[in-house]
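Here is the structure we will look at.
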Amino acid sequence: MPVRRRLLAASVITAAALGAQTLSGAAATASDEVVSRGVTIPAFYNPPATLPAADGALVRTEPLKLALSLPGLNGPLPGRATRLMYKSTDDSGRPVAVTGAYIEPSAAWKGGGPRPLVALAPGTMGQGDQCSASRGLEHPLTLSGETVSVGYEDLAIYRLLATGAAVVVTDYAGLGATDRLHTYVNRVDEAHALLDAARAARAVPGASVTAASRVGLFGYSQGGGASAAAAELQPSYAPDVNLAGAYAGAPPADLTEVTRAIDGSELAGALGWSLNGFVQSEPALRPIADAHLNATGKAALADLSTMCVGDALLKYAGADSTDWTKDGRSVSEIIAATPALTSFLNSQRIGTMKPAAPVRIATGTSDDLVPHKQARKLAVDWCAKGVNVTYEAEIQINSGSPLINHMTPLLTDQGEAVDWITDRLKGRTAHSNCWSMPLQP
C-alpha cells in the first residue's frame, strides 16, 4: 500500500539519520533504498533527520550520469551533472529537503559577465518518488514494474545548456525526497523549491555560477505555475537571487478553473494529485475530503499518490470525479459549496503579488486543460501592477484533445522561450506588450 511504503520509508530515514552530520551527506546503505511501483529509489533521496538552517544550503551531492551524453574536447556534452539535495521551507514555515540536479555546461557563455543560471521548474511528472526530473535525466524513459515515466523536460534542459547557461532543476518538495508526499501545484512550496535550487547551485562543487550570476526561471504547465509563483515571491523570499527574468508557459494561476478543466480529461489523474497535495499542505482539509470521498475516490487518490504521469494517463484518463464522491457531485461543485476549500484554493492564486523582474507568459488559445483565459488573466493582473510582461498567445486550432491542445505549445513555443530567457541573461531589455492586453480576446 502507498501509505505503508511511505511510513516504512520515514522509519528508515529516522533510524539511518541518527548520528549523521547535517552537511556531510553520510553514505547510505542498500537498506535505505525505497521501492515505489517496482522502481528502486536510491538511498541518496532519503533526507537526514536534521537539515541546515539556511534556505538553499546543500545537504549532499553526488555525480549524476546523464543518459544522453557525448564526449567532447571540454568535457562531456552537454555538460557535467551533479545530483543534489538542499534545504528549503514549505508554506507552513517548516524545513523541507528538496532534491534536484545541477548541470555545468561544456558550452562557453558568450553573453558577458559571469556564467548565468537557469532554474528549471518541471512540468507535471506525477506524485511518485520515482517520477522526479533529476531521475529523468538519468533515466529518460522508465518502463519498470508499474511505472511509465518520460523525462520530457530533458529537451528544454539541453537547449538551455547549449546557450552556455548553467541549469539547475528542482524536483519540488516530496517528488524526489522520500520523506513526504509531493504537494502538487502548491504555489509557495514550488516557488521556494525553485528559488532555493538557484541558491544551492552556487555551492555545488565545480559550479562556475556565483551570487553575481544572472538567474532566469523557466517552466511550462506545473512548471509555469512554479516559475510564475517564484517570480512573485523572489523579492521577499530570495532577494539575493539575481533574477533577470522568468518564463511561465501555460501557468495554472487559478486552481479553481484548472480543477474544473482537468476533471474528466485525459489528465484527470492530476485532480487526484491536487487533492493529495492540498491535504498534505493543509491537514485540516483531510476531514472534509474524508467526508465527501467514497471508497472508489479514496482508493484512486492512494493509487495516484505513487504514480507518474504515464501511469495516470493509462489508468485514469477520462476519470470523472462524480464517481469518486459519496453524493455524486463533482469535486468542483463540492469546492464551490465548501468555504474552507474555496479559501484554500484562493490562497493558491498566482497574480496577487508583483514580480520585480520581466516575465514572459505564453499560452495556447485552445488550451482547455490549463485554460487559456486564466493564464491571460495572470498577464492582465500583472500588467495592472506595472510588471514588465511579454504575453504570447499562440493561435491554435482545437484538436479535440485537451491534452494535445495543452502540450503543443510546450514544443512549438520552446525555441522562442529559450531565446527570450537567454536575452534576459545577456542583460538585454524586455519590451512589455501590456498595452495590447485590453485588445486581445
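No lab work stands behind these numbers, since they all come straight from the coordinates. The structure presented is a predicted model; accordingly, all values stated were derived computationally and were not measured. When we count neighbours, we look across all protein chains shown, and the Cβ atoms used for this are built from the backbone with ideal geometry, even at glycine.
Things to note:
- The radius of gyration of the Cα set in region 292-441, together with its Dmax, comes out at 18.9, 56 angstrom.
- Relative contact order computed over region 265-347 (Cα-Cα under 8 Å; 6+ residues apart), in percent: 38 percent
- Potential extension, SER236-ILE395 segment - 0.36 nm per residue separation minus Cα distance: 53.7 nm
- Taking the average, over residues, of other Cβ atoms within 10 Å as the packing measure, peptides 111-122, 405-416 rank 111-122, 405-416 from highest down.
- Gain on full stretching of the segment that runs from ALA302 to GLU333 - 0.36 nm per residue minus C-alpha separation: 9.0 nm
- A Cβ-based charge dipole, computed about the Cα centre of region 57-108 with Lys and Arg at +1 and Asp and Glu at -1, lands at about 140 debye.
- Reachable lysines from LYS426, criterion Cα separation under 21 angstrom, eight or more residues apart if same chain: LYS110
- Other residues within the sphere of radius under 11 Å centred on the Cβ of PRO371, judged by their own Cβ, net out at 0 (K and R +1, D and E -1).
- Electrostatic bookkeeping for ALA211 treats Lys and Arg as +1 and Asp and Glu as -1; over the other residues with beta carbon under 13 Å from its beta carbon, the sum is +3.
- Compactness of region 265-347 as Cα Rg over 2.2 N^0.38 Å, two decimals: 1.03
- Within straight-line cross-link reach of LYS315, aspartates and glutamates at Cα separation under 16 Å, skipping those fewer than 8 residues along the same chain: GLU146, ASP263, GLU266, ASP303, ASP323
- Amide H contacts under 5 Å for GLY56: LYS87, SER88, restricted to partners 5 or more places along the chain or on a different chain, H placed in the peptide plane at 1.01 Å from N.
- Total formal charge among the other residues, if their Cβ is under 10 angstrom from that of ALA54, Lys/Arg +1 and Asp/Glu -1: 0
- Charge dipole of the chain (Cα centre as origin; +1 on each Lys and Arg Cβ, -1 on each Asp and Glu Cβ, all else neutral): 940 debye, rounded to the nearest 20.
- Protection proxy ranking of 237-250, 180-193, 57-70 - average other beta-carbon atoms within 10 Å, highest first: 180-193, 237-250, 57-70
- Among ASP367, ASP290, ASP179: highest mean-square fluctuation, GNM of the chain, C-alpha pairs under 10 Å: ASP290
- DSSP finds beta bridges in the chain, and of those with both partners inside it, around 55 percent are antiparallel.
- Using the Cβ-Cβ distance between ALA291 and LEU314 with R0 set to 25 Å, the FRET efficiency from 1/(1 + (r/R0)^6) comes to roughly 0.25.
- Partners of LYS385 within straight-line reach, counting lysines whose Cα lies under 17 Å from its Cα and excluding those fewer than 8 residues away in the same chain: LYS354, LYS377.
- Peptides 379-385, 281-287, ordered by how many other C-beta atoms sit within 10 Å of their residues on average, highest first, read 379-385, 281-287.
- Near GLY79, the amide H atoms lying under 5 Å from its own belong to SER106; only residues 5 or more places off or on other chains count, and H is placed 1.01 Å from N.
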